[in-house]
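Everything on this sheet refers to the single structure shown next.
The values are calculated or read from the model by the stated rules, or taken from the named source; none is laboratory data. Quick caveat: nothing in here was measured; it's all calculated off a predicted structure. A quick note on method: Cβ atoms are made from the backbone with ideal geometry, for glycine too, and the neighbour counts reach across all protein chains shown.
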Amino acid sequence: MKQPNLDAAIRIYYQFTEIGNAEIREIFGVRGETACKLKRMAREVMVETNVRVWDAYSVNTKCAYHAWGLDIDDMEKRRHKLQKLGLLPQASETGCSP
């Protein structure tokens, strides 16, 4: 699996309780078929943990990240460290908040 876009992954985690193909493509930069495979992985976790399906085209964000091995706390720490090292623009430079 491709490395996730940290900014997109963090923003999407906090912005959406459920995600679909568009968000998955934004996180991983994958095409539709791969996004569907990733959604199937997330659906398996949803079934295992008894998380209800609200939309046939979306999956629960927390279950999806768990299925894909994405640790939001680790991603936030890594992004913060990159900013601290000057390898990412600071929020004040981009006009956006982290």
Could you list all residues from segment 19-57 that are among the aromatic types (Phe, Trp, Tyr) and within 15 Å of the chain's Cα centre (by Cα)?
Phe28
So, in segment 10-63, exactly how many residues are under 23 Å from Arg78 (Cβ atoms), surrounded by 12 or more Cβ atoms within 10 Å (Cβ to Cβ) and of a type in the set (Ser, Thr, Tyr)?
2
Scan segment 43-98 residue by residue and report those that are part of a loop (DSSP other than H, G, I, E, B), modelled with pLDDT of 90 or more and either of a type in the set (D, E, K, R) or on the phi > 0 side of the Ramachandran plot (or both).
Asn50, Arg52, Asp55, Gly69, Asp71, Gly86
Could you give me the residue pairs with C-beta distances under 6 Å whose first residue belongs to segment 62-82 and is more than 21 Å from Lys37 (Cβ to Cβ), whose second residue is at pLDDT 95 or above and in a loop (DSSP other than H, G, I, E, B) wherever it lies, and which are 6+ apart or on separate chains?
none
